[in-house]
Each structure stands twice: as structure tokens, then as C-alpha cells.
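Take a look at the structure below.
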Amino acid sequence: MSGDIKKKLVYIILLIFVQLAVYSSGNSESLAILKQKKINVLSIFTSKWMGGAEMCALTMHKLLHQASYKTYMLIYKDSPLQKYLQDDQLPYYAMSSIDKKNERELCITRQINSICRKHKIQLVQCHTPAIAQLARSATKGLHIKVVLMYHGVDAVDFLKFKKLDGLITVNPSNESLIREANDQLKLGIKKITQMYPFFNEERFLRFKPRQMDKQDFFKRHGFNILDKNTPILCMVANFYGKLKNPCGNYISRKNQELLIRALCALLYERKKPAYLVFLGDGADRAWYEQLTKDLGVSEFVFFAGFCKEVEEFLYHTDIHVLTSVFEPLGIVYLEAGLMKKPSVGACGTGADHTIIDGTTGFTFKNNDLSDLTDKLDILIDDSKLRMKMGQHAFEFVTGRASFNSNKRAFLSKRKFEKLTSFYASLMN
């Protein structure tokens, strides 16, 4: 090969590398610009209750609004979400709830279509598979992206995810399952990612207790704590939702009965005094109140109902417990961690991802009374262990490397950056 030919080849190769570098740089700049673009977003959550998923949807909407996105929310009239939206002066549309399924779905579809056209919506954020499919139908032909944030634990009915532009799963265990199903079942989901649910962590991080001890605090709320040194268990969960267990019997999704029976065992079998505070409301609450009377533990149990003072209740209690048999992640584990409280939660739920077993709290065998009672017994006996685990829980949730080596993004800043980048990638 002559010298001239070699020089020409070197020149061509260099030219190719320069072009590739320019192309790569141009794409990076374009993506950076795209990430900064404020798209118009419609978020939908048709729920009559206020739980973790609802709080996640509300917080996402609020963060987008604060970041100058043109964002709107579609909810049911007179739902708890409406009160939060009004208090925070956030833009929303409220529609009446309709009992008949066909009429309800038609109404929701029309509302979505109308809002999207009026505000030139570019992306619809949904939080249940059923609403995501209605959104797909409502936005057909409008070139609008439909994203589902999936709050379930096991993605069983994968066909409900068909042809979504984006899917965010809050439970890390689901991501690989959904990707596999997307390939094998040809679901056509364009992009899939995992993201921990949003919640209002600022109210917990900035919390300053009022000058009163736990006895005075609970007395103000109508509950008498006879001995301030007796540990107080706290569970934050609504009283609704029935599921079939492996034996075919119906049990509550949140499984409060298990915790009440564990308290009964602690008091009468193990002679370990403890109090129990429930935060939450729902159609089944009266049944649980009667159960405490039937078991003879009603004087040790306080039903505080729905309340916005979650951080103050957690501060004045000693152990956070969530006995749910089905829980995608459990925002309240993160809230309890920020209040420096150890948590006890069931295996096979979000507890596996939000509790470091033996370090920030304990996990117990799902729906196992004996194992739950054993774990509570350990914490009730040892106040120093409770304080140590509570401090570790705070460091885990806030991202300290020694406890959060996988760099799990529990707090909003990193999650919001990931969310807006995900939205930007869908619009590309």
C-alpha cells in the first residue's frame, strides 16, 4: 500500500471519528435541552380514599407544578385529594363519581379528552392500569404519551399494561418481571423504569415537637397513657380492602387483626405491657374496634382516625408496625425512618426494600402471628435497641452510604430528576 493511500485512509478514519463526536455531542445537547423543556401534564387519580398511592400522586403533581410544569389533576369531587389540592392551591378538575361502570368509564374518558384538548396536554400520568387504558382510549390520535405508575407488588395481569408509552414500577422486584413480560408477551411498552414513590418528606424533616410529653399529647387526643415508660406501637393504615389468603379465607389487605392479636398475646401470654395506636379510617373500622373489646384489649388500643398529624403521632410512639399482606412499598416506612423510629413489616411486601432486617427494624413472616409477636417482644424489651435502630432508619432513608450502599433514591430530589428525565426520554 502506497504512502498516499495510507494518508487518505487515516484522513477518512479521523473524519469519521470527528463526525461521530459531533453527532454524539449534538445528541447530548439536544437531550439536555429536552430535559429542561416543561411539558404539559395531566395526572389522574380517581380514588375515594387517601393512602400511600394517593399521596404519591399528589406529591408528584405538586413537584411538577412547583417546577413550572403546566400540570393539572383529575380527581373525584369531595374526595380527600380535593381537600389537599385546595389547601395547596394546586390546579385540578373534579368530577362526580358514577356507580355504573360503563357510564363511569365513559365519563372519565370524555373528561380526559376534554382536558387534554383544552390545555394541549403532552403526557398523561396514571396510577392504576384501568385508568391508563382509559387514557389510551381518550387520547387516541392526539399524539399524547400515556404513563402508568404501577403501585402493585405482583404484576399478574400484564395485558393491562399493553401499548403504554411508559411504565414506572415502585417495587424494585417488579421491574425485571415487567421487562420480561414486555418481551415475551409483546406488550409494546416503550420504556420501563423503577422509582420509589413520592411523599412529602419535608414535613417530617422539618418537624419540631410541641413542648409536651407523650402522656399529655395522647390525653389531648382522648387517649390515656397510664405509664409513660410503656412502649407504644403505631400503625398508619386505612381499614378497608379484603383479599383471599392461600386457605381461601378473606382477610384485610392491611391485616390489622394480626397486630391486635399480637398485642393480646404480648399482654396476656407474655406479660409484656404495650399500647397500640391506629391512624386511619375506613368502612371496616367498627369491626376492629369491636374485636379489641372481644379480646379484652380495648383499653390499650386507640383508634385516632384519619389525621394529618402523622409525624407528631410517630414522634410520640416507639415502634412503627405495618402488617399488610400486600404492600407495594409502604411510604410510611420512609416516614417512620425520618422520625427515627424502627419499623416492623411483613416479608414479601415493600418492607423487604425499606427495612434492613435487624438494623433499621425487623421483617416477619407474612401473616405469621408468632413471628410478629416475637419481633415486637424484642423491641418492647429493649429501649436502647429501639433508639439505635431508629437512628439507623433515619440514616438509611436519608441516603447515608454506610446504610444505603445501593444508593436507593428515597427522597424527592433524586427521584424528581429521574422522573423528569424519564418524561423527556418519552418525548424524544
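Readers should treat all values here as calculations from the given coordinates under stated rules, not as data from a laboratory. These numbers were taken from a predicted model, which means no experiment stands behind them. In this analysis, Cβ positions are derived from the backbone assuming ideal geometry, glycine residues included, and neighbour counts consider all displayed protein chains.
Observations on the model:
- Over region 273-428, the hull volume per residue, using the convex hull of the C-alpha atoms, is 142 Å³.
- Among (i) 196; (ii) 249; (iii) 171, the entry that matches volume of the Cα convex hull per residue in Å³ as calculated here: (i)
- Ranked S412, S68, S173, criterion: other C-beta atoms within 10 Å, fewest first: S68, S173, S412
- Neighbour counts of C-beta atoms inside 10 Å place H127, H143 in the sequence H143, H127, starting with the fewest.
- In summary, the aspartates and glutamates within cross-link reach of K191, defined as a Cα separation below 17 angstrom excluding same-chain residues under 8 places away, comprise D165, E175, E180, D183, E417.
- Inter-centroid distance (Cα atoms) of region 141-209 relative to region 381-428, Å: 18 Å
- The label-point distance for T230 and E309, in a model that sets each label 7 Å from Cα toward Cβ, rounds to 2.0 nm.
- Over 27 Å between alpha carbons, listed pairs K254/K418; K162/K365; K70/K415; K83/K118; K118/K415; K118/K413: K254/K418; K162/K365; K118/K415; K118/K413
- Computed over region 281-320, the alpha-carbon pair-distance distribution with 10 angstrom bins reads 25, 45, 30, 0, each value a whole percent.
- Nearest-0.05 FRET efficiency for K407 and E105, computed from C-beta distance (R0 51 Å): 0.80
- Residues in region 361-373 carry Karplus couplings, in order, of x, 9, 9, 10, 4, 3, 6, 9, 4, 5, 5, 4, 4 Hz; the curve used is 6.51 cos²θ - 1.76 cosθ + 1.60 with θ = phi - 60°, and Gly or Pro positions show x.
- Within the chain, percent of DSSP bridges classed antiparallel, to nearest 5: 5 percent
- Pairwise label distance in nanometres, S176 with S425, each label 7 Å out on the Cα-Cβ vector: 1.9 nm
- Ranking of Y84, Y275, Y268 by neighbouring Cβ atoms within 10 Å, starting from the fewest: Y268, Y84, Y275.
- Volume per residue for region 141-197 equals 77 cubic angstrom (convex hull of Cα atoms).
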